[in-house]
Amino acid sequence: MPNVSKTNDSTFLQITPRESISDISSYNVAYDADALVDPEFVKLDANENTYPLPDKIRNMLNEVVHQVPLSRYPDPLATKLRQKISNSMNVDINNLLIGNGSDELLSLIFLAYFGKRVAIPTFSYPIYYHLAKVYEMEVIDINLLETNFDLPPDTYEQLVKDKPDLVIFAYPNNPTGNCFSEREILAAISALPKTLFVIDEAYHDFSRKTFVSHALTLPNVIILRTLSKAYGLAALRVGIAIATPEILDVLLKIKIPYNVGVLSQAIASAFFEDLQKHIPTVIKNNDLERKRISKILSDNFKFKVFHSDANFLFVKIPDVIDISKLTLDLLKQKVQLRFFNYREHGLYLRFSIGTSHDNDIALASLKSLLAQLRGNGKSKSSASE
């Protein structure tokens, strides 16, 4: 055992990671451990698919799990699952890479560009900015239009001028829900052949819009997909990268071998075709509920609701609302929604579309608590992002 002596301040040992780590805050996800298993809890804060899995999958789940050899390491390339996806998308298996959620794939991409320059839209998935800090990257902001959160008409010129090494677009965008201008994106891709463009299509199944054909033919485009949203398998943590083999080879060099567990691979592989058949029902229900909830938030709550191509709505709410208190009060009523404070840009609600039952409960709680806040005169905003 090493001989560790005490220092003057009575600590045994002080570890020293690279200096930039001390300036980074941990990426905290709001959650309640009890809420994850409480069937009465309405959780509409993470854009999850709350529709139940088909009976066939639930009834056969134990059978699949019992067949999994838990004493063996998983297939490092998730070959069986990749083949299922390959057949479904009519994409060569060599154009596919499986990650531990798309977040791991994002982390690998950012790691590959350690210390370089990345362009990220404002009002986008916060993990992009977090990873840029972790990997000491210079961030170039793409300021979205506040009228509709689309790319500005000079995006192409800005990117050509700044020449970032990496550009990332969520498509549809999270949290705003819209798909950016395809023309602006393609113009930038064409003009910057040495820049890697990451198109994060986590919500593709809801928008039905994609850049996959470009990822298969262009050497500077990579598409990310996930089984966490429309497929309803968020707990499995399965992400998909689609690109040329040359791009995927770069990620394979830094990927840990056994990144996706045996159970995740087995379940996703066993039920992939059944989930494909189930997705149209999920999309139809989402489209109907998204339209209904949008009308209620607009007409009854008098909130500004923006167009969405995803399974959530982005809503501008009055700046006087205390979203910290509102969040806590909603949790007491077993309801979880996601609020954003974009400082000078104002306050926003991201309402994940769930089942009609869950949506109605969330709306009723929100309406009641907003009335209480107004009645008590406690509506001053105090929340942080």
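The values are calculated or read from the model by the stated rules, or taken from the named source; none is laboratory data. Values in this document were obtained by computation on a predicted structure and should not be read as measured data. For neighbour counting, all protein chains shown are included, and Cβ atoms are generated from backbone atoms with ideal geometry for every residue, glycine included. Ligands, DNA and RNA are stripped out before the accessible areas are found, and what is left, the full protein with its side chains, is counted by its heavy atoms. Shrake-Rupley method; radii C 1.70, N 1.55, O 1.52, S 1.80 Å.
Would you work out the relative contact order for the chain, in percent, from Cα pairs under 8 angstrom that are 6 or more residues apart? Before the final figure, lay out each step's value.
On the way: 635 pairs, mean separation 77.2, N = 385.
That works out to 20 percent.
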In the chain, if every C-alpha pair distance is counted and binned at 20 Å from zero, what percent goes to each bin?
25, 55, 19, 1
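Could you give the size of the charge dipole of the chain about its Cα centre, using +1 on the Cβ of each K and R and -1 on the Cβ of each D and E, expressed in debye and rounded to the nearest 20? Mind showing how you got there, number by number?
Values: 42 positive and 44 negative charges, 101 e Å.
Computed about the Cα centre, the dipole is about 480 debye.
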Pseudo-spin-label distance ALA371 to ASN94, built 7 Å along Cα→Cβ, given in nm, is 6.4 nm
Which one of VAL282, SER86, SER264 is farthest out on the positive end of the charge dipole of the chain, using unit charges on Cβ (Lys, Arg +1; Asp, Glu -1) and the Cα centre as origin?
VAL282
Restricting to bridges with both residues inside the chain, how much of the DSSP beta-bridge set is antiparallel, in percent to the nearest 5?
55 percent
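Hey, what's the chain come to in accessible area per residue, 1.4 Å probe, Å²?
Per-residue value: 50 Å².
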Distance (nanometres) between label positions extended 7 Å along Cα→Cβ at ASN143 and SER213
3.5 nm
Report the percentage of all Cα-Cα pairs in segment 39-89 whose separation exceeds 11 Å, rounded to a whole percent.
81 percent
If each Cα of segment 152-303 is one equal point scatterer, what is log10 of I(q)/I(0) from the Debye formula at q = 0.09, 0.11, 0.15 Å⁻¹?
-0.38, -0.56, -0.94
Cleavage-rule hits, trypsin sites (Lys or Arg not before Pro), segment 223-309, DSSP coil, Cβ neighbours within 10 Å at most 12:
LYS302
Evaluate the distance, in nm, between pseudo-label points positioned 7 Å from the Cα of TYR73 and of ASN87 along their respective Cα→Cβ axes.
2.8 nm
